[in-house]
1. Identify, please: which residue in the stretch 64-93 is of a type in the set (Gly, Ala, Ser) and under 14 Å from Phe106 (Cα atoms) and is, among those, surrounded by the fewest Cβ atoms within 10 Å (Cβ to Cβ)?
2. Any residue in the stretch 23-40 that is free of Cβ contacts under 8 Å to residues at least 60 places away in the same chain and surrounded by 13 or more Cβ atoms within 10 Å (Cβ to Cβ) sitting within a Cβ distance under 7 Å of a residue that is in a loop (DSSP other than H, G, I, E, B) and of a type outside the set (Asp, Glu)? List the pairs, counting only those 6 or more apart or interchain.
3. Of the residues Val19, Val72, which single one is assigned to a helix (DSSP H, G or I), at pLDDT 80 or above and out of contact with any Asp or Glu (no Cβ under 8 Å at 6 or more places or on another chain)?
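The values are calculated or read from the model by the stated rules, or taken from the named source; none is laboratory data. Treat the numbers as computed from the prediction; the structure is a model and nothing was measured. Cβ coordinates were reconstructed from backbone atoms using ideal geometry, including for glycine residues, and neighbour counts include every protein chain displayed.
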Amino acid sequence: KINDIIAFEEECWQALDVVTKEPESSSDPSDDEVLQSLQSLLDTAKRKGLSVKNVEPFGKHSSTSIPLTRDVLENAVSFRKWFLDLKHVESGRERAPFVDGVLKGFATLPDLPP
């Protein structure tokens, strides 16, 4: 059980390290492997019957004092969705309300561990 938790923590930190990685093909959230990975990890963290269900926090990164929690994973999912929207705006023409929403969304982005 401990090994499962340690492996899960390592997967989470690896996924968090690439939250701002450029999308490989498009900025479509349904095609984004990073977003899918983060969402899968969050689903695993919340799923009953798994070894990580009753663990909080999952651990701490050696370079930060911020603990790895479900909230951090949720924040990473939100941040990645915003990042994909930003990349979509940068890659083509988009209506002003969408662009305004992306720009305003920056102010409400959650903090992520460094």
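1. Of everything passing the filter in the stretch 64-93, Ser78 is surrounded by the fewest Cβ atoms within 10 Å (Cβ to Cβ).
2. Correct list of pairs: Asp31/Ser25; Asp32/Pro23; Val34/Val18; Val34/Val19; Val34/Lys21.
3. After ruling out the rest, the residue left standing is Val72.
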